[in-house]
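The values are calculated or read from the model by the stated rules, or taken from the named source; none is laboratory data. Everything numeric here is computed off the predicted structure, so don't read it as measured data. Cβ placement follows ideal geometry from the backbone for every residue including glycine, while neighbour counts extend to all protein chains displayed.
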Amino acid sequence: MSQQTTQGVRDVVHEVHQLNVDVGAPYEDFRRRYEEAVPPADLSFADRPVGWDAVLRAADENAPHGFMIYWRMDAARLMRLAGDPGRCTQYLMGNHTIAERMFRHNPAVMLYAPLRALIYEDASGTAWFAIDQPSTKFATFGDPAITPVGVELDHKLAGLLAHLDAPVPPALLRG
């Protein structure tokens, strides 16, 4: 990672590891199981005055594997208009209670939180789960309070993939 600041602009160059996992299951089957394991985020409390402890409890109940879906898009639906037959669903997945532990040190972490994930089918019909390794993204902040949270997210992602009976990239188990 290198960083250069000139006239109020910080230019950070870093390496991110993109992980593509052959999930060993049909696209629709894996997508369904993923969406069961990573439920939609329940943010109904956001407009009510509740304490942070209530938010933490709600997140724990709503995210049995540590993650929730904040946004979902069937990208293939648009691409079919161009005649492309592939299947692909994009997600923003994460956990706002984990993100807050980084946000308090640097709000710019929200550039990478929630995490962007993808389930897609390649031309041969193989279904894949793709995501940038969280620790490689959050390490770019060079903050000893943020970096370990990225590693924690790696481990949670490894747990999720194991739960889904998908191969776990060894890089997620380091740290």
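Things worth noting here:
- Looking only at segment 1-47, residues that are among the polar types (S, T, N, Q), under 30 Å from GLY142 (Cβ atoms) and modelled with pLDDT under 95 come to 6 in all.
- Members of segment 157-172 found to be surrounded by fewer than 19 Cβ atoms within 10 Å (Cβ to Cβ) and outside any loop (DSSP other than H, G, I, E, B), listed by number: ALA158, GLY159, ALA162, HIS163, PRO170, ALA171
- Residue ID - nearest to ALA25 (Cα to Cα), chosen from residues in segment 96-132 that are in contact with a helix residue (DSSP H, G or I) (Cβ under 6 Å, 6 or more places away or on another chain) and among the polar types (S, T, N, Q): THR97
- Among the residues examined, ALA75 does not qualify as more than 19 Å from ASP122 (Cβ to Cβ), within 20 Å of the chain's Cα centre (by Cα), surrounded by 13 or more Cβ atoms within 10 Å (Cβ to Cβ) and hydrophobic (A, V, I, L, M, F, W, C).
- Selection count where residues are under 13 Å from ILE98 (Cβ atoms) and part of a helix (DSSP H, G or I), scope segment 138-154: 8
- Which numbered condition PRO64 misses (of (1) loosely packed, with under 12 Cβ neighbours inside 10 Å; (2) of a type outside the set (Lys, Arg); (3) closer than 20 Å to GLY159 by Cβ): (1)
- Helices (runs of 4 or more DSSP H) contained entirely in segment 1-108, each with at least 3 residues that are of a type outside the set (D, E, K, R) and touching a Leu at 6+ places or on another chain (Cβ under 9 Å): 27-37, 96-103
- Options THR126, THR89, THR140: the member that is under 15 Å from the mean Cα position of the chain (by Cα), among the hydroxyl-bearing types (Ser, Thr, Tyr) and under 25 Å from PRO169 (Cα atoms): THR89
- Within the set ALA171, ALA145, the sole residue that is touching a residue at least 12 places away in the same chain (Cβ under 8 Å) and out of contact with any Asp or Glu (no Cβ under 8 Å at 6 or more places or on another chain) turns out to be ALA145.
- Scan segment 91-132 for residues that are of a type in the set (A, V, I, L, M), farther than 13 Å from LEU157 by Cα and in contact with a strand residue (DSSP E or B) (Cβ under 6 Å, 6 or more places away or on another chain) and the total you get is 5.
- Being at pLDDT 95 or above, closer than 22 Å to ASP60 by Cβ and surrounded by 15 or more Cβ atoms within 10 Å (Cβ to Cβ) is a description that does not apply to MET110.
- Qualifying position, being farther than 22 Å from GLU121 by Cβ, of a type in the set (A, V, I, L, M), loosely packed, with under 12 Cβ neighbours inside 10 Å and out of contact with any strand residue (DSSP E or B) (no Cβ under 9 Å at 6 or more places or on another chain), among VAL50, VAL55, VAL13, VAL9: VAL9
- Residues that are among the hydrophobic types (A, V, I, L, M, F, W, C), out of contact with any Cys (no Cβ under 7 Å at 6 or more places or on another chain) and closer than 16 Å to TRP128 by Cα, drawn from segment 74-91: CYS88
- Some residue of segment 114-135 being over 17 Å from TYR70 (Cα atoms) and part of a helix (DSSP H, G or I): yes
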